[in-house]
Amino acid sequence: MKKIYILLSTVLLFGVGHLTAQITDLHDFSNSSDPYADVTIGGNKLFGAAYSGGSNGFGYFFSVNKDGSGFKDIWDCNDTGSILGNSNGYDPYGDVTVIKSKLYGFNYEGGAYGYGNIFRIDTNGTGYKDLHDFNDTTGEYIGWGALTVVGNKFFGMTYEGGAYGYGVIFSMDTNGAGYKDLFDFNDTTGGYGESATLAVYKNKLYGMTYEGGANDSGVIFSIDTNGNGYKDLVDLNRSKGYYSYGFLTLVGNKLFGMTYYGGAHDSGVVFSVDTDGAGYKNIVDMDSSTGYYTYGGLTLCRNKLYGMTQYGGARDSGVLFSIDTNGTGFKHLYDFGGGSKTAYYPYGNNITIYTDTLFGMTYTGGLNSSGELFRLQDTVLLTGINRINLPKGVVNVYPNPNNGRFTVYCNTEAKENMLIEVYNVIGEKVYTGSLKNTMGNNQVDLSANSSGVYLYRVITVDGALVKQGKIVIEQ
């Protein structure tokens, strides 16, 4: 699941030239932590996972303040060897999901049957609960990305297992009940879902597989959230791009993604495709200059997508880039590497965005050569933001939680109407409305929407951010 705060951002890095941005090292991992995933924002903290390290050497989950202070190992994975059922899971490749005061995570291996598990802990590291243990029948080995949340359900994919051994698409209630194998991949329909993450659009799930399909190079597919109506939308190949380790990002009625191989230089591509499978387009054919070999996916912020490559760039250690959602304006933002104490090789990661800051992790590098947590800001952009004349005053949203009907109270000096935009957690804009009363109450009705966490942005008519936050609807 792409992080819920990535959509709540101001204008970010527009017009940035090559290498104008500066990276700040927030934390240097140690003990061969080797983080594959990205971080999730919950309140004032970042939450994430390290593939290995920790007190038991099998990976751990952590929290850290946004400025890099207060790093804490909040949960250590373990493996008791041959004693079945005595492992709480290990080797976490993926991202965590924060819902209220709970953190949901998963492990690639371990658990009751050795094939990984999904669990829940409090954000302070207490209250561990094993929600589901994967097995070879209903799905095994859950990899990159994050669980997709729709209402009170999780959706995801496994790398192997199921009826044919090629992985499954599954659903599960967020309380751990009702696990269901929705679809079993085979070598024709597609196989090996490297990323757990699925995009959601109009009651359909969208994803990619690493192999399978007409060319045995992976497919882009859709399926109804109830498990019916599986459709092979695109069969990937060498020219289009093939072997994807990533997930799809939804922008309007288009899906964006990346492949590890293929394209003009056989180094992967950035592509777009309509949600009905039409209009597939190679936007960028990756090479040594743009960066190449990608894990993970793209992160949306307004009309830009941000991504990282594992290799390429000035030091062949990976690149951070942006591209406009219309397929133009590729910008090379940062080259990783450049010394033994520098972060390099983003591996399985994507970017997390909050207000004016990008957060990310690299698999190796840093002071201890075990990975680095970084943030990136652009000084030119920040100077521009400071020049925006934002209306002074207060904006509050209440009650929260609510039943879908709530009030936006404004007490500002704005001379024009303001706007409120509301998004669900997978990136769909579900509401846009005008806040005509800049000195009083404005009513919003989202009662037709399902229960869940939603994100709102209050902006001026020229797009400057005034207020952002989350709304919890409980029907």
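Close amide-amide hydrogen proximity is noted between I99 and Y104, each under 5 Å apart and 5 or more residues distant or on a separate chain (H modeled in the peptide plane; Pro and chain starts excluded). Between the C-alpha center of region 281-309 and that of region 394-414 there is a gap of 37 Å. For region 248-376, the residue among S322, V270, I283 whose Cα projects farthest onto the positive side of the dipole built from Cβ charges is S322.
Looking at (1) 1.22; (2) 1.00; (3) 0.93, which value of Cα Rg over 2.2 N^0.38 Å comes from a calculation on the structure shown? Matching the structure shown: (3). Quick check on my link table: of K102/K470; K72/K470; K202/K467; K72/K153; K331/K467, which ones sit more than 19 Å apart, alpha carbon to alpha carbon? Beyond 19 Å: K72/K470; K202/K467; K72/K153; K331/K467. Dividing the mean sequence gap of close Cα pairs (under 8 Å, 6+ apart) by how many residues the chain holds gives a relative contact order of 14 percent. Dipole check for the chain: with +1 at the C-beta of Lys and Arg, -1 at the C-beta of Asp and Glu, and the Cα centre as origin, the magnitude is about 1940 Debye. Here the 3J(HN,Hα) profile of region 238-244, calculated from phi with Karplus coefficients 6.51, -1.76 and 1.60 at θ = phi - 60°, is 5, 7, 6, x, 8, 6, 9 Hz, Gly and Pro shown as x. In the chain, a dipole from Cβ-located charges (positive for Lys and Arg, negative for Asp and Glu) runs towards its positive end, and of V98, V219, Y454 it is Y454 whose Cα lies farthest in that direction. Derived scalar couplings between HN and Hα for region 185-201 equal 6, 9, 5, 8, 6, x, x, 6, x, 5, 10, 6, 6, 10, 8, 10, 8 Hz in order, rounded to whole Hz, by the Karplus curve 6.51 cos²θ - 1.76 cosθ + 1.60 (θ = phi - 60°), x for Gly and Pro. Note on region 180-308: Rg/Rh from Cα positions, Kirkwood definition for Rh, rounded to two decimals, is 0.95. Couplings for region 294-299, taken from phi via the Karplus curve 6.51 cos²θ - 1.76 cosθ + 1.60 with θ = phi - 60°, read 10, 10, x, x, 9, 10 Hz in order; Gly and Pro are left as x. Considering only the Cα atoms of region 55-184, their convex hull presents on average a projected area of 8.0 nm². Please work out, to two decimal places, the log10 of the ratio I(q)/I(0) at q = 0.21, 0.26 Å⁻¹ from a Debye calculation in which every Cα of region 285-328 carries one identical scatterer. Values, matching the q order: -0.64, -0.88. A cut-off of 5 Å between modelled amide H atoms, ignoring neighbours fewer than 5 places along the same chain, links G291 with G313. Amide H contacts of Y354: F359, each under 5 Å away and 5 or more positions distant or on a separate chain (H built 1.01 Å from N in the peptide plane; Pro and chain starts excluded). Each stretch of four or more DSSP H residues adds -39500 (n - 2.57); spread over every residue of the chain, this sum gives -500 deg cm²/dmol at 222 nm.
Each reported figure results from applying straightforward, stated rules to the coordinates on display, with no laboratory input. Given the structure is predicted, the values throughout are model-derived calculations rather than measurements. Note: ideal-geometry Cβ built from the backbone for every residue, glycine included; neighbour counts use all protein chains shown.
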